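**Student:** Just passing along the structure, written as structure tokens.
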Amino acid sequence: MKELKPFFLFIILLFIGFSAETYAFEVDGVSYETNADNKTVSVVKAGRGIGYVYEGDIVIPSVITYGNTYIVTAIADEAFVNSTELTSVIIGDSVKSIGYKAFYGCTGLTSAVIGNSVTEIGWYAFENCTNLTSVNIPNGVTAIERGTFEYCSSLTDVTIPNSVTSIGESAFSACTGLTSVSIPNSVTSIGEYAFDYCLSLTSINIPNGVTSISRYAFEYCESLTSVTIPNSVTKIYLSAFEHCTNLISVNIGNNVTSIDNRAFNSCESLTSLSIPNSVTSIGWCAFENCTSLTSVTIGNGVTSIDKQAFDGCTSLTSVTIGSSVASIEWRAFRESPLETIVCKGDVPATIDATTFNYVGNTVVVVPCGKKSVYETTEGWSSFSTIVEDCDGVGIEDIINENSIEVYPNPAKEKLTIKTENEISIFNNNGKLVKVVKNIKGTKEIDISDLQSGVYYIKTGNTTKKLIVE
């Protein structure tokens, strides 16, 4: 008996091998291959040979009969790859997975209906389907994988179901016709290049669960006009929104700690910016060439502003620098015609001769009692007008702001005021220097007799700070 054991083992293994053998066949123009259980099948390449492709409209049923009855459970890797004459596909509800590059390069495909049982769509599954206009993602798919819809340039809108938790690298990259995408709160991760070069995308919602904006995630989304970074995000990575040329406003959440290099570079339509106190660093060229940016407030948590951070911001006239900023690197504000720099720090930040360009006409406002410190610090000593703020009220702070309008601010020689009451102007030492009566609307007043510095306009219970150049 002992001698027969190897023989019986061989017979058993041989039987198992034959029982697990798969074979291919065709039903209604679709090629299938049996799976190991011999009860289910996968859709495979047409004819199982090089040069064979699918054409026209294809329906993949849930059940097929070829001698036996089989359940269709999968679309194999590269099953329809480069079937350029394929025009539409309907995938039955029994299918659970769509393989790697399953429909890659199907340039004639216009419509894909995916069955409700699909839970997995492989890498690059629909990449380069340049005429695909509509596709549904079933509520069961947990990830939009790498390159799934990359270069689907005719796709106009996509709804991502609540089952999805991650959007992979380049998932919708270069979907140049995509105008809207709905991202559910279940998504916690948006990968690198996920939506880059979505040239027609006008709006995007970033769920409050995403913890970072990955590199190049929305680069070259040239039609994007506004974006809100939720409080769940802690870092905005390299070039995340670079070249979003129509981005007008960005609201940065209160838990962001880092704005990486080139994050908002060349956002040419961005007009104003407030960086929250949670941010500790601003990377090099982060806001370079934001040519419409007129004012920036940098929070008190920022410790460093890297080189060329705001270089080329040719409309930037006002910046408030938080109290913790210790260094502002070279060319950080080069080519910015700053009229006002408000420094909140008692200790001047380290700067060099290239940090600011237009020092002659700029008013630098520093904390009370720190004027002499700034005047004797290298770099800051180049500014001819340094004034102190001795009441702790920032330039932008207004009480009951609707009761008085003052412009321009900073002002020189002439000032326009809109109010219904007389006004009193006090200098930085609290001395009354001018009274204007009988305004009752809008009035231009002469302030050529006021020296450069900080003043306070008061009317009733309203106080507004004025900078005179």
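**Student:** Would you mind counting up the charge near I204? Only other residues with Cβ under 14 Å from its Cβ, with Lys and Arg at +1 and Asp and Glu at -1. Don't jump to the answer; show the numbers that get you there.
**Tutor:** On the way: positive: none; negative: D157, D196, E219, E222.
Net charge around I204: -4.
**Student:** Another question, then. For region 37-107 and region 147-214, compute the distance between their C-alpha centroids and round to whole Å.
**Tutor:** 26 Å
**Student:** Which entries of K371/K458; K370/K437; K307/K371; K307/K431; K45/K235; K370/K412 have Cα-Cα distances beyond 32 Å here?
**Tutor:** Numbers: K371/K458 25 Å; K370/K437 35 Å; K307/K371 26 Å; K307/K431 41 Å; K45/K235 44 Å; K370/K412 24 Å.
Those over the limit are K370/K437; K307/K431; K45/K235.
**Student:** Now for a different question. Using per-residue counts of other Cβ atoms within 10 Å, averaged over each peptide, order 369-378, 175-184 from highest down. The partial results should precede the final answer.
**Tutor:** Working: 369-378: 14.3, 175-184: 18.5.
Sorting 369-378, 175-184 by mean packing, highest first, produces 175-184, 369-378.
**Student:** When the Cα centres of region 303-379 and region 225-298 are compared, how far apart do they sit, in Å?
**Tutor:** About 19 Å separates the Cα centre of region 303-379 from the one of region 225-298.
**Student:** Which of Y407, Y358, Y124 comes first, and how do the rest follow, when ranked by fewest Cβ neighbours within 10 Å?
**Tutor:** Fewest-to-most Cβ neighbours within 10 Å comes out as Y407, Y358, Y124.
**Student:** Any cysteines in the chain with zero other Cys Cβ atoms under 4.7 Å from their Cβ? List them, or say none.
**Tutor:** C106, C129, C152, C175, C198, C221, C244, C267, C285, C290, C313, C343 - these cysteines have no disulfide-compatible partner (Cβ-Cβ under 4.7 Å) in the chain.
**Student:** I'd like the antiparallel share, as a percent to the nearest 5, of DSSP beta bridges with both residues in region 401-468.
**Tutor:** Looking only at bridges with both residues in region 401-468, the antiparallel portion is about 95 percent.
**Student:** Find out how many positive minus negative residues lie around Q308, taking Lys and Arg as positive, Asp and Glu as negative, among other residues whose Cβ is under 12 Å from that of Q308.
**Tutor:** -1
**Student:** Also: Dividing the alpha-carbon Rg of the chain by 2.2 N^0.38 Å yields what?
**Tutor:** Normalised Rg, Cα atoms only: 1.42.
**Student:** To continue, here is another question. Per residue of region 158-175, in order, report the coupling 6.51 cos²θ - 1.76 cosθ + 1.60 (Karplus, θ = phi - 60°) as ³J(HN,Hα) in whole Hz, putting x for Gly and Pro.
**Tutor:** Residue by residue, region 158-175 yields 9, 10, 9, x, 5, 6, 6, 10, 9, 10, x, 4, 6, 3, 10, 4, 6, 7 Hz.
**Student:** Share of Cα-Cα pairs in region 401-468 beyond 17 Å, in percent?
**Tutor:** Everything past 17 Å amounts to 31 percent.
**Student:** Dipole size in debye (nearest 20) for region 401-468 around its Cα centre, Lys and Arg Cβ +1, Asp and Glu Cβ -1?
**Tutor:** Computed charge dipole of region 401-468: roughly 120 debye.
**Student:** Another question about this same structure. Can you give the local net charge around G460? Use residues other than it whose beta-carbon is closer than 11 angstrom to its beta-carbon, Lys and Arg +1, Asp and Glu -1.
**Tutor:** Once all neighbours under 11 Å are counted, the net charge is -1.
**Student:** Another question, if that's okay. So what's the back-of-envelope 222 nm ellipticity for the chain, counting only DSSP H runs of four-plus at -39500 (n - 2.57) apiece and dividing by all residues, rounded to 500?
**Tutor:** Result for the chain, helices only: -1500 deg cm²/dmol.
**Student:** Output needed for region 273-411: three equivalent-ellipsoid semi-axes, defined as square roots of 5 times the C-alpha gyration tensor eigenvalues, in descending order, whole Å.
**Tutor:** Working from the Cα gyration tensor, I get semi-axes of 21, 18, 16 Å.
**Student:** What residue among S173, S274, S214 has its Cα farthest toward the positive end of the dipole of the chain, where the charges are +1 on Lys, Arg and -1 on Asp, Glu, each on the Cβ?
**Tutor:** S274
**Student:** With the cut-off at 26 Å, tell me which of the pairs K344/K443; K344/K434; K39/K96 have Cα atoms farther apart than that.
**Tutor:** From K344/K443; K344/K434; K39/K96, over 26 Å: K344/K443; K344/K434.
Since every read-out is calculated from the coordinates, none of them should be taken as a lab result. Bear in mind that the values here come from a model prediction, so they are computed numbers and not experimental data. Reconstructed Cβ throughout: ideal geometry from the backbone, glycine too, with neighbour counts over all protein chains shown.
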